[in-house]
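Structure first, then comments.
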There are 2 protein chains.
Amino acid sequence: MRDERILLDHGSGGLLSNRLISELMLPLFDNSFLSMQDDGACLDVPAGRMAFSTDSFVVDPIFFPGGCIGDLAVNGTVNDIAMCGGVPRYLSAALIIEEGFPVKDLAAVVQAMAEAARNAGVLIVTGDTKVVPRGAADKLFINTSGVGYIPKSVSVAAGNARPGDVVIASGTLGDHGIAILNQREGLSFDVDIQSDSAPLNHLAGRMLEMAGSGIHVLRDPTRGGAAAALNEIAAQSKVGIRIRESSVPVAKAVAGLCSLLGLDPLYVANEGKLLAVVESALVEKVLAVMREDPLGRDACIIGEITGEYAPAQSGRVIMETAAGGERIVPMPTGEQLPRIC
Amino acid sequence: MRDERILLDHGSGGLLSNRLISELMLPLFDNSFLSMQDDGACLDVPAGRMAFSTDSFVVDPIFFPGGCIGDLAVNGTVNDIAMCGGVPRYLSAALIIEEGFPVKDLAAVVQAMAEAARNAGVLIVTGDTKVVPRGAADKLFINTSGVGYIPKSVSVAAGNARPGDVVIASGTLGDHGIAILNQREGLSFDVDIQSDSAPLNHLAGRMLEMAGSGIHVLRDPTRGGAAAALNEIAAQSKVGIRIRESSVPVAKAVAGLCSLLGLDPLYVANEGKLLAVVESALVEKVLAVMREDPLGRDACIIGEITGEYAPAQSGRVIMETAAGGERIVPMPTGEQLPRIC
């Protein structure tokens, strides 16, 4: 099958669909829920709070330094659930494939999804495959949805930030977006910039275990970057946020390319970083457990929550610049980098 | 906003994204889960079995007689959960929109989703919107995923059919596929054929309340039609299935167009019909409750489960023809109608 190309018939619900699923997907996503091949999965769940999230991935190119659309799709939904304070357990995977797409590329993507699911400790339990005629979609789009349990001690939401809280970033910002851009636009600057695509559930779990309800907000700054995430937190919590430019971690190569291209790393997408708003008394302990995790090694404080809520949409997030001034970090307008995730 | 077209920036995660969501979606999908605007929804769930399902919709055209991609996307996932024996409760909605798509068309689709959700009694609690550059997708694709509870008394699965069981169809077959085809291919035969797009959860609920574990299998024959669904049931249950051509309900206009176009209604997609495999002692009672529901008014017996399991992939489903002969109903091969759902 590996030398073939995807045909419309692979999405027909008939023999070729069955073959694609039973030969390419079931062996990789091996679990008893999926192998029932019913219209959905039947799961045993405990009583409690459940996080439920969905995300579609349309990234271009589908293979890029540091990952591919497959691990991105798994990590993205794992992270959305983790940012709700949930322990992700079960994922769905729905593929829209363009007719003519090479089966070997699909196999590589599915393999990456399976590995990412293993790394995150989640099962892909139900799925769907559609094939559209050539030209009706660009190569491959993937939707994942997921469910996970929220422990009783956890209470995170974008509306929970309080004046005096501290804002933490788990590591360098902008890696994913710049990795994609560098490859896509034929820029190919000779720098080693990899996507940070990674599952944040284990890191978030450590933080919540340490600080419980002392973690007020968790957000993964994907599309729109940290600027969008911080503005959403400010708006939902009706607070101001002050960050210090000199404290915002940006890898040297990313900072260099951003500067060349006129991009602000605060607006560039990440796929393996989180922002946390934490009760100030717990910050040092939270940073200590974060730094024990490979994904939180570079964790640091980037700013604070203030009581200066600006009713207008801009002016809620203020940056103290490296030069000693101040500037507003507005909600992004205009799409810098379409199809970044 | 209604006179505008979708821009890449509507999918950026920035200001225009927020405006699209807060002006177009939140008012229609109004519920407290969604309005939190977190990365996912936090739901309170009871202990028990949960059904989890996903489906992407790529139907072309997006508006068709009897519905549009919006109600189809909601009904499709509602039905998948209902076919697991579940009571659907919460749905996610993820849109991939082509740049330039008219906002008024998007508003109509979102309106149809909201109405379909209300009809089915489900809440759309989390979502995602991506915009891709013109030409990278054809107009609009929608993924919905959903969760629902499975009552303790219920045990339906494609592998549960037993020899002696009876096969029921809830109504006429082939309506959806022929409605799409008639509009899409510029055929426009002057006939009133409407898609049967409808939520089957209330009908399935009545049936399960009446017969409990006496309902062995539920399937909605979508892509691949009844032929694919019956072949899957036969394969999963390791049984044979005999159906009688004269008993298979097909609307006159659909039968006419199928005959003109050389299509077999058994292979044409449905979006508001179910097939049920039922313990024979309970069949009359089940038919009686089905016929009380508008969606089951034409419910009838179309065949039986037999012990004649054919190990080869063809020969598991046999049709007694109207002419008195017999023919094999094989698993579909080849895509008759791409982008039917």
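Here B:Gly40 qualifies as under 30 Å from A:Val217 (Cβ atoms), touching a residue at least 12 places away in the same chain (Cβ under 8 Å), touching a helix residue (DSSP H, G or I) at 6+ places or on another chain (Cβ under 7 Å) and within 14 Å of chain A (Cβ to nearest Cβ). Does region A:260-285 hold any residues that are open to solvent by 50 Å² or more (accessible area, probe 1.4 Å) and touching a helix residue (DSSP H, G or I) at 6+ places or on another chain (Cβ under 9 Å), and which are they? If the condition is that a residue be open to solvent by 50 Å² or more (accessible area, probe 1.4 Å) and touching a helix residue (DSSP H, G or I) at 6+ places or on another chain (Cβ under 9 Å), then A:Leu261, A:Glu279, A:Ala281, A:Lys285 are the ones that fit. A:Val78 falls short of the stated requirement of being of a type outside the set (Gly, Ala, Ser), in contact with a strand residue (DSSP E or B) (Cβ under 9 Å, 6 or more places away or on another chain), assigned by TED's automatic domain parsing to the domain that holds A:Leu123 and more than 18 Å from A:Thr126 (Cα to Cα).
For region B:93-126, the candidate set comprises residues that are among the β-branched types (Val, Ile, Thr) and under 21 Å from B:Met1 (Cβ atoms); within that set, the residue that is nearest to the other protein chains (Cβ to nearest Cβ) is B:Ile96. Quick check: is even one residue across region A:72-92 part of a strand (DSSP E or B) and of a type in the set (A, V, I, L, M)? The answer is yes; a qualifying residue exists. Assessment of region A:245-255 against the conditions (closer than 23 Å to A:Met290 by Cβ, touching a Ser or Thr at 6+ places or on another chain (Cβ under 8 Å), of a type in the set (Asp, Glu) and within 14 Å of chain B (Cβ to nearest Cβ)) yields no matching residue. For region B:232-254, residues that are touching a residue at least 24 places away in the same chain (Cβ under 8 Å), part of a helix (DSSP H, G or I) and either surrounded by fewer than 24 Cβ atoms within 10 Å (Cβ to Cβ) or in contact with a helix residue (DSSP H, G or I) (Cβ under 7 Å, 6 or more places away or on another chain) (or both) total 10. Filtering region B:188-209 for residues that are at positive phi and within 14 Å of chain A (Cβ to nearest Cβ) leaves an empty set. Restricting attention to region B:210-230 and to residues that are aliphatic (A, V, I, L, M) and open to solvent by less than 10 Å² (accessible area, probe 1.4 Å), the residue that is nearest to the other protein chains (Cβ to nearest Cβ) turns out to be B:Ala228. The C-beta contact set for region A:44-67 (first residue at the interface with chain B (Cβ under 7 Å from one of its Cβ atoms), second residue acidic (Asp, Glu) and part of a loop (DSSP other than H, G, I, E, B), distance under 8 angstrom, 6+ apart or interchain) comprises A:Ser53/B:Asp39; A:Val58/A:Asp138. Within the span defined as region B:4-23, one or more residues are assigned to a strand (DSSP E or B), under 30 Å from A:Ala229 (Cα atoms) and in contact with a helix residue (DSSP H, G or I) (Cβ under 9 Å, 6 or more places away or on another chain). Within region A:110-147, can you find the residues that are under 17 Å from the mean Cα position of the chain (by Cα), closer than 24 Å to B:Ala137 by Cα and of a type in the set (A, V, I, L, M, F, W, C)? Passing the criteria: A:Ala112, A:Met113, A:Phe141, A:Ile142. Looking for something free of Cβ contacts under 8 Å to residues at least 12 places away in the same chain and either in contact with a strand residue (DSSP E or B) (Cβ under 7 Å, 6 or more places away or on another chain) or within 16 Å of B:Asp220 (Cβ to Cβ) (or both) - is there at least one such residue anywhere in region B:256-279? No, region B:256-279 has no match at all. If you go through region B:124-133 one residue at a time, do you hit one that is part of a loop (DSSP other than H, G, I, E, B), modelled with pLDDT of 95 or more and over 28 Å from B:Pro265 (Cβ atoms)? Yes, there is a match, as at least one residue in region B:124-133 is part of a loop (DSSP other than H, G, I, E, B), modelled with pLDDT of 95 or more and over 28 Å from B:Pro265 (Cβ atoms). Here B:Glu304 meets each of (1) closer than 11 Å to B:Ala169 by Cβ; (2) open to solvent by 50 Å² or more (accessible area, probe 1.4 Å); (3) touching a strand residue (DSSP E or B) at 6+ places or on another chain (Cβ under 7 Å); (4) of a type outside the set (Ser, Thr, Tyr) with one exception, condition (1). Scanning region A:222-231 for residues that are in a helix (DSSP H, G or I), within 15 Å of A:Ser170 (Cα to Cα) and not aliphatic (A, V, I, L, M) turns up just one, A:Gly225. The set of residues in region B:8-37 being within 7 Å of another protein chain (Cβ to nearest Cβ), within 19 Å of A:Gly159 (Cβ to Cβ) and small (Gly, Ala, Ser) consists of B:Gly13 alone.
Tell me whether region A:138-146 contains one or more residues that are crowded, with 23+ Cβ neighbours inside 10 Å, in contact with a Cys (Cβ under 8 Å, 6 or more places away or on another chain) and at the interface with chain B (Cβ under 8 Å from one of its Cβ atoms). Scanning region A:138-146 turns up no residue that is crowded, with 23+ Cβ neighbours inside 10 Å, in contact with a Cys (Cβ under 8 Å, 6 or more places away or on another chain) and at the interface with chain B (Cβ under 8 Å from one of its Cβ atoms).
Report yes if A:Val289 is within 14 Å of chain B (Cβ to nearest Cβ) and at pLDDT 95 or above, otherwise no. No, not satisfied.
B:Arg327 passes every criterion in (1) in a loop (DSSP other than H, G, I, E, B); (2) among the basic types (Lys, Arg); (3) without any contact (Cβ under 8 Å) to a residue 40 or more places away in the chain apart from (1).
Checked against the criterion of being crowded, with 21+ Cβ neighbours inside 10 Å and assigned by TED's automatic domain parsing to the domain that holds B:Phe141, the candidates B:Leu16, B:Leu43, B:Leu24 yield just one match: B:Leu16. Counting the residues of region A:183-200 that are of a type in the set (S, T, N, Q) and buried (at least 22 other Cβ atoms within 10 Å of the Cβ) gives 2.
Given A:Gly159, A:Gly177, which one is more than 16 Å from A:Val286 (Cα to Cα), crowded, with 24+ Cβ neighbours inside 10 Å and within 14 Å of chain B (Cβ to nearest Cβ)? Only one candidate qualifies: A:Gly177.
The values are calculated or read from the model by the stated rules, or taken from the named source; none is laboratory data. Predicted model only: the values in this text are computed from it and were never measured. Glycine also receives a Cβ, built like all others from the backbone with ideal geometry; neighbour counts cover every protein chain displayed. Quick note on the areas: whole protein, heavy atoms, side chains included, nothing else; ligands and nucleic acids left out. Shrake-Rupley method; radii C 1.70, N 1.55, O 1.52, S 1.80 Å.
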